[in-house]
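J.: First, the structure itself, so that you have it in front of you.
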Amino acid sequence: MKNEKKKTILVVDDVSGNIDIFRNILFETYNVIVAKSGQRALEIVKYGRKPDLILLDIVMPNMDGYEVCRRLKSSPATRDIPIIFVSGKDSPLDITKGLTNGAADYITKPINPLVVKSRIKTHIELSAHRERLQQELQSMVRACVNTFGEILSCSHPQAFARASRLKASVSSLAKKLKLNDVWKCEVAAGLSQIGCVLLPRELVESACSGDTLSPEDEAIYANYPELSHQILSKIPYLKECADIVLSLKNYEIKNAPKNDEDLSKLILGLSMKLDDLQVKGMTRAEALSVIRQKFPMLFDEDLNQALGEVEKQSQMVSTESLSAGMVLASNVYSEDGTIVLPFGTELSDSLILKISQFWKSRIPGSIEIK
């Protein structure tokens, strides 16, 4: 087996003799890295190359194996690494404690080389299989997300444009604020308006354009976050995204966020309030000023810097040079003055196809993109 194809095993044991035994057993099949303390093991996993599996002793000074396992399993970045406890503690109570702490397996000392190799091979294969299944599921979820976006862009282009603007704003804020699982915020924002497909198109266009709605229409439009939640919560992996979207219903910004979930809802809520003000004619700077005056308790240095960054400069691009992912910097009008595509729309392959085949004679030859 070539070196670059070898899986990496982290051996954690404070006894050098035990480490040498594992090296001798595993070096031909695996890359073996070692740590002689629990703290050093955590540092290697956090700052070095993430191992494919960890062989972990239990009885060690300062930090025992149980605590190392607990910390690794509590972090989203390391919780999926298989851990096998290797210990001289062989009572059923000790073994049960190890497994309930999150270990994939438990091997007792003195070790049997064939057993060690067999257990390692099994758990690495199981881990790889889980990863493949997760990738396949994520691919299916991405396909669902893209399909929903295509449906929204065709049925309610104004709502799709708003969702595109929200996604761009939320993505930028989440990354600058170092939020965990940025993708959840991006999906929540990008599909926040999917419930609009169940509402009258004229009503949605008026709401997304900043028009004043009648009390009756306002009450109808206010249901879209709940409708979006009902659609998204049925899709695997999107339940948390659906909950973030639901927060838009009667959302009130009151207190500074205490955790990532609160921060996700705050970012989407702020982006929505900024978009509401901008579609009514305010510049981004004016909208930010209003938000800051209304909610001064929220704006620490990081959030101020993230919100205040200058937007990307726009440029004119010919319709023949458009590509998926480009964002409209201004409305695209037909010859009779009708808005064909609203500003903020993120171009998809289907929209580009419409522009090139169906709308080309109705719109300018160049479009403002940012």
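Computed from the coordinates by the stated procedures, all read-outs in this text should not be read as laboratory data. Source: prediction; values computed, not measured. Don't worry about glycine lacking a Cβ; one is built from the backbone with ideal geometry, like all the others, and counts go over all protein chains shown.
J.: Just tell me, in residue order, which DSSP H segments of the chain are both 30 angstrom or longer along the helix axis (alpha-carbon based) and at least -1.0 in mean Kyte-Doolittle hydropathy.
T.: For the chain, where a helix must reach 30 Å along its axis and average at least -1.0, the hits are 113-155.
J.: Could you sort out which of K178/K249; K184/K265; K36/K73 sit more than 18 Å apart by Cα distance in this structure? Show your work: numbers first, answer last.
T.: Details: K178/K249 26 Å; K184/K265 11 Å; K36/K73 20 Å.
Those over the limit are K178/K249; K36/K73.
J.: Nearest 500 deg cm²/dmol is fine: what mean residue ellipticity at 222 nm does the chain get from its DSSP H runs of n ≥ 4 alone, each adding -39,500 (n - 2.57), divided by its residue count?
T.: Values: 15 runs with 192 residues, N = 370.
For the chain, the value works out to -16500 deg cm²/dmol.
J.: Moving on to the next point. Between M63 and F27, what is the spin-label point distance in nm, taking each point 7 Å from the Cα along the Cα→C-beta axis?
T.: Calculated label separation equals 2.8 nm.
J.: Of F295, G48, S155, which is farthest towards the positive pole of the chain's charge dipole, taken about the Cα centre with +1 and -1 on the beta-carbons of Lys, Arg and Asp, Glu respectively?
T.: The residue sitting farthest along the positive end of the dipole is G48.
J.: How many angstrom lie between the Cα centre of region 131-201 and the Cα centre of region 42-70?
T.: Between the Cα centres of region 131-201 and region 42-70 lies a distance of 37 Å.
J.: Using r as the Cβ-Cβ distance of T8 and M140, and R0 as 25 Å, what FRET efficiency do you calculate, to the nearest 0.05? Mind dumping the intermediate values first?
T.: Values: r = 30 Å, r/R0 = 1.18.
Calculated value: 0.25.
J.: A further question on this structure: May I ask you to list the aspartates and glutamates whose Cα is less than 18 Å away from that of K97, ignoring any residue fewer than eight positions away on the same chain?
T.: D57, D64, E67, D105
J.: Right, here's the next one. What's the FRET efficiency of E131 with S321 using the Cβ-Cβ distance as r and R₀ = 51 Å, to the nearest 0.05?
T.: For E131 and S321, the calculated efficiency is 0.85.
J.: Right, here's the next one. Cross-link candidates for K175: which aspartates and glutamates have Cα within less than 12 Å, leaving aside residues fewer than 8 places away along the same chain?
T.: Cα-Cα hits under 12 Å: E186, D302.
J.: Out of the trypsin sites (Lys or Arg not before Pro) in region 176-277, which ones are loop residues according to DSSP with at most 15 other C-beta atoms within 10 Å? Please report the intermediate quantities before stating the final value.
T.: On the way: sites: K176, K178, K184, R201, K234, K239, K249, K254, K258, K265, K273; in loops: K178, K234, K249, K254, K258.
In loop regions of region 176-277 (DSSP not H, G, I, E or B), the sparsely surrounded trypsin sites (Lys or Arg not before Pro) are K178, K234, K249, K254, K258.
J.: If I take R0 = 30 Å and measure r between the Cβ atoms of E150 and N259 in this structure, what FRET efficiency does the formula 1/(1 + (r/R0)^6) give, to the nearest 0.05?
T.: 0.35
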